[in-house]
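Take a look at the structure set out below.
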2 protein chains.
Amino acid sequence: MTAPTAPDLLALDRAAQDLLFRAARTANTFTDEPVTDAQVAAIHDLIRYGPTAYNGQPLRVLLLRSLDSRARLLPHLSSGNRAATAAAPLTAILAADVEFHRRLPELYPHRPQAREWLADRAARVEQARFNATLQIGYLIVGVRAAGLAAGPMAGFDVAGVQREFFPDGRHEVLLLLNLGHPGPATPRERLPRLDTGEVIRTLDD
Amino acid sequence: MTAPTAPDLLALDRAAQDLLFRAARTANTFTDEPVTDAQVAAIHDLIRYGPTAYNGQPLRVLLLRSLDSRARLLPHLSSGNRAATAAAPLTAILAADVEFHRRLPELYPHRPQAREWLADRAARVEQARFNATLQIGYLIVGVRAAGLAAGPMAGFDVAGVQREFFPDGRHEVLLLLNLGHPGPATPRERLPRLDTGEVIRTLDD
């Protein structure tokens with residue numbers, strides 16, 4: 001009798017493991033097939049259940065669908081990200097709402113004082129950024145759950161994108177994300193991942 | 001004919017949607033059933049494929065299994081988090097390795113200059129924190145993929161935990177996570193989630 005392999009120790013079935021993690025790849029090219037508003041809503045309806053501190057849910061998403069809106073983004077991207085973004089069926093700007101605490105009386109009703117705990121702006125910005133980033137992790141999983149590929153991009157002028165798309169000063173831009181069906185280009189070989197022993201240590205060992 | 005509901009628009013099957021998001025709940029009580037090292041390794045073997053910038057994978061995990069190691073953590077927790085943490089079969093300290101760039105020549109071999117781009121410590125700390133937080137999002141999904149419940153905790157003295165467990169100055173502690181099988185306590189009613197229209201906007205609309 002052989003020991004169960006890692007995939008067999010999980011409750012999640014193997015096809016879902018492949019869809020979300022093992023076979024999923026970051027996409028840099030996309031087909032022309034659109035990503036519909038209904039698909040985006042279905043992704044959000046799934047990942048909105050992921051946990052955040054104070055149930056604050058600070059992630060906000062601005063979708064750029066038209067050529068006009070995309071043209072406003074491209075000058076702020078590093079050159080290596082422009083072609084993929086111009087060709088993707090949909091690009092999302094992912095930001096944290098630093099005024100998320102205003103909703104806490106509804107979202108965290110058993111602790112109405114939570115809103116006051118976050119009165120200090122610097123502490124609140126840190127909370128907003130951290131929890132919105134967690135939610136981006138859920139979102140990337142959710143995009144894959146819809147059978148789509150995600151193309152996250154960190155190579156852009158954050159201050160420029162913020163000025164162009166969020167002049168209100170209420171949002172902190174965190175990441176850009178292209179969404180679509182992956183194009184026919186063969187992705188490069190998968191980059192190496194760290195072994196469990198390099199990432200996880202038990203204090204008592 | 002009726003329009004498909006949100007769950008039916010996803011490629012991920014309904015049971016997996018429930019396991020990872022819709023039926024999953026944050027746990028504050030746990031049964032005595034242990035979380036094995038093999039389960040932890042299986043979770044990591046799944047979520048290590050989640051994308052990070054430069055494939056840098058800065059998340060590091062310190063597991064506290066024994067009563068002795070747990071006793072070193074408890075004084076740093078807010079009072080509301082102590083009982084759950086003392087009783088959980090396993091507690092993880094989640095941190096970002098701010099020297100993650102040293103591994104880039106192996107992890108991102110097609111751009112050997114990436115290590116030099118991250119020579120500035122302040123920029124690197126920000127990258128380490130952001131990408132490790134994304135990985136925590138994947139990890140919470142992965143814990144649920146193993147059929148376990150996750151109990152993330154932000155209410156603790158970060159500087160104190162860092163001094164106690166990571167005196168090397170190389171790691172930034174981000175979050176604590178209890179893992180286990182959820183206890184018999186009925187969780188409170190699920191807290192409300194924001195609607196898609198409150199979170200996602202299309203620029204062109």
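The values are calculated or read from the model by the stated rules, or taken from the named source; none is laboratory data. Small disclaimer: the values here were computed from a predicted structure and weren't measured. Because the Cβ atoms are built from the backbone with ideal geometry, glycine has one as well, and the counts that use them run over all protein chains shown. Only protein heavy atoms, including side chains, enter the accessible area calculation; ligands, DNA and RNA are left aside. Shrake-Rupley method; radii C 1.70, N 1.55, O 1.52, S 1.80 Å.
Quick notes
- With R₀ set to 35 Å, the beta-carbon distance separating A:ASP18 from A:LEU67 gives a calculated FRET efficiency near 0.55.
- Gyration tensor verdict on the protein assembly as shown (Cα atoms; rounded if a/c is under 1.5, prolate if a/b is larger than b/c, oblate otherwise): rounded
- Compactness of chain A - radius of gyration and Dmax, Cα, Å: 19.2, 63
- Placing dummy labels 7 Å off each Cα toward the beta-carbon, the span from A:ALA86 to B:ARG111 is 2.0 nm.
- Plainly put, the tip 7 Å out from Cα toward Cβ on A:THR36 is 4.4 nm from that tip on each other copy, the closest given first.
- For segment B:110-158 and segment A:153-198, distance of Cα centres in Å: 15 Å
- Accessible area buried at the A-B interface, both sides summed, 1.4 Å probe (Å², nearest 100): 7200 Å²
- Ellipticity estimate at 222 nm from DSSP helix runs (n ≥ 4, -39,500 (n - 2.57)) divided over chain A, nearest 500: -10000 deg cm²/dmol
- Using Cβ point charges alone (K and R +1, D and E -1), the dipole size of the protein assembly as shown about the Cα centre works out to roughly 360 debye.
- Using a 7 Å Cα-to-Cβ projection, A:HIS110 label spacings across copies, nm, ascending: 4.9
- Comparing A:ALA38, A:ALA24, A:ALA128 in a Gaussian network model of chain A where C-alpha atoms under 10 Å apart are linked, the largest mean-square fluctuation is found at A:ALA38.
- Sites A:VAL158 and B:ALA185 - FRET efficiency at Förster radius 51 Å, r taken between beta-carbons, to 0.05: 0.75
- Rg then Dmax, both in Å and based on the Cα atoms of segment B:1-116: 19.5, 61.
- Residues in segment A:23-40 reached by a label modelled at B:THR202 [backbone nitrogen below 20 Å; 7 Å Cα→Cβ]: A:30-40
- Other copies of A:VAL158: label-to-label distances in nm, shortest first, labels 7 Å along the beta-carbon direction: 1.4
- Here the Karplus relation 6.51 cos²θ - 1.76 cosθ + 1.60, evaluated at θ = phi - 60°, turns the backbone of segment A:68-76 into coupling constants of 4, 5, 5, 5, 6, 8, 3, x, 8 Hz, with x for every Gly and Pro.
- Closest-to-axis residue of chain B (Cβ criterion, axis taking B to A), whole Å: B:GLY137, 1
- Paramagnetic label reach from A:THR31 (point 7 Å along Cα→Cβ; backbone nitrogen cut-off under 19 Å): within segment A:131-153, residues A:143-151.
- Residues whose amide H comes within less than 5 Å of that of A:ASN178, counting only those at least five positions distant or on another chain, are A:ALA92, A:GLY151, A:MET153 (H built at 1.01 Å from N in the peptide plane).
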